[in-house]
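Worksheet for the structure shown next.
The values are calculated or read from the model by the stated rules, or taken from the named source; none is laboratory data. Note that this is a predicted model, so its numbers are computed, not measured. Reconstructed Cβ throughout: ideal geometry from the backbone, glycine too, with neighbour counts over all protein chains shown. Ligands, DNA and RNA are stripped out before the accessible areas are found, and what is left, the full protein with its side chains, is counted by its heavy atoms. Shrake-Rupley method; radii C 1.70, N 1.55, O 1.52, S 1.80 Å.
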Amino acid sequence: MSRLPIGASAIPFELPGIDGRHYSLETFADHQVLGLIFSCNHCPYVQAWEERMIQVQHEYAEHGVALVLINANDPQKYPVDSFEAMQQRAHMFKYPFPYLHDQPQTTARAYGAERTPEVFLFNQARELVYHGAVDDHREPEHVQQHYLRNAIEAVLKHQPPPISETPAVGCTIKWSV
């Protein structure tokens, strides 16, 4: 499985959200920046970055930024990542972004996602401009590089991000057989 390279176009998808709606690339056509973040409920790395992802969405929503979480984990192997559990977690943490269920994992495979959380950030032309981690440390007090935030700022100024790729850090996606 190869990962979507920097500069590549976003791959179309259509996935159900926990709110009962279906989402696609076209759903976000009016947004200047689109961040697809492969995520899940159970991963301690996602849990460590969860509040920061929520904060970024709140801060940049009025600037035309949409973050979208996509859970591709196999719910048979990890029931805590089931659609119902996704709804509960999003409600509990008041997610300000869509939380989509990727079964049978076709979107994660198409993008070459391997970890949770793993960010794919696109400009308005839906070209991949940043791929990797949210920032450089699991513990918020130790963060020195705000990769996602810096990439968003650059894209909003029609500039390339200062860093376009970092290793995604987190749990592996739990694939079906």
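Table for the structure above
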{"item": "Index of the failed condition, R21 passing every other in (1) open to solvent by 70 Å² or more (accessible area, probe 1.4 Å); (2) farther than 27 Å from P104 by Cβ", "result": "(2)"}
{"item": "Segments classed as helices (runs of 4 or more DSSP H), wholly inside segment 77-177, with at least 3 members that are buried (at least 22 other Cβ atoms within 10 Å of the Cβ)", "result": "147-156"}
{"item": "Tally, over segment 97-128, of residues that are among the hydrophobic types (A, V, I, L, M, F, W, C) and within 18 Å of I152 (Cα to Cα)", "result": "7"}
{"item": "Top-ranked residue of segment 42-76 - restricted to ones that are of a type in the set (G, A, S) and part of a helix (DSSP H, G or I), ranked as surrounded by the fewest Cβ atoms within 10 Å (Cβ to Cβ)", "result": "A61"}
{"item": "Residue within segment 78-95 that is under 24 Å from L156 (Cβ atoms) and out of contact with any Lys or Arg (no Cβ under 7 Å at 6 or more places or on another chain) present", "result": "yes"}
{"item": "Options L15, L4, L34; residue that is within 23 Å of H146 (Cα to Cα), in a strand (DSSP E or B), touching a Phe, Trp or Tyr at 6+ places or on another chain (Cβ under 9 Å) and open to solvent by less than 50 Å² (accessible area, probe 1.4 Å)", "result": "L34"}
{"item": "Residue in segment 77-99 that is in contact with an Asp or Glu (Cβ under 7 Å, 6 or more places away or on another chain) and either closer than 21 Å to V169 by Cα or among the polar types (S, T, N, Q) (or both) present", "result": "no"}
